[in-house]
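Worksheet: the structure to be examined is printed underneath.
The values are calculated or read from the model by the stated rules, or taken from the named source; none is laboratory data. Remember, predicted model here, so these are calculated numbers, not experimental data. No Cβ is skipped: glycine too gets one built from the backbone with ideal geometry, and neighbour counts run over all protein chains shown. Please note that ligands, DNA and RNA were not included when accessible areas were found on the heavy atoms of the full protein model with its side chains. Shrake-Rupley method; radii C 1.70, N 1.55, O 1.52, S 1.80 Å.
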Amino acid sequence: MLALVDARRLYDHPTVGRYAWPEGTDPQTYRAYRVTQASNDRAFEEVPPEEVANAFVDVLRSVPSMDEERLLRAGLERLGYRRRTESSTSCSGTAYTSR
């Protein structure tokens, strides 16, 4: 699928690999995240770690002190995911340590 994307929109992340990034934004300064309406709209693996980290930051702004398990669940919910899976746990761990 990445072969169909304009090469200028591709971003190489050091731990998760290559993915498309919106034109006109910088992944290093992007502070938003998109909410997935249904889990079959966008697999969790397709969510850039920057967006996952931004969701964690948003959670911590409202509740500054919580354990990692609660943060993981709350961050996933902010992104629109109801179930915690092995993949979401692994990808979230990458994002958790990136910010």
| query | So which residues in the stretch 59-93 are open to solvent by 50 Å² or more (accessible area, probe 1.4 Å), more than 14 Å from residue 36 (Cα to Cα), at pLDDT 85 or above and part of a helix (DSSP H, G or I)? | reply | 60, 61, 62, 68, 69, 70, 73
| query | Out of (1) open to solvent by 80 Å² or more (accessible area, probe 1.4 Å); (2) touching a Phe, Trp or Tyr at 6+ places or on another chain (Cβ under 6 Å), what's the single condition that is false for residue 27? | reply | (1)
| task | Among the residues of the stretch 1-24, write down those that are in a loop (DSSP other than H, G, I, E, B) and either without any contact (Cβ under 8 Å) to a residue 60 or more places away in the chain or open to solvent by less than 50 Å² (accessible area, probe 1.4 Å) (or both). | result | 1, 5, 6, 14, 21, 22, 23, 24
| field | Meets criteria (out of contact with any Asp or Glu (no Cβ under 7 Å at 6 or more places or on another chain) and open to solvent by 30 Å² or more (accessible area, probe 1.4 Å)) for residue 36 | value | no
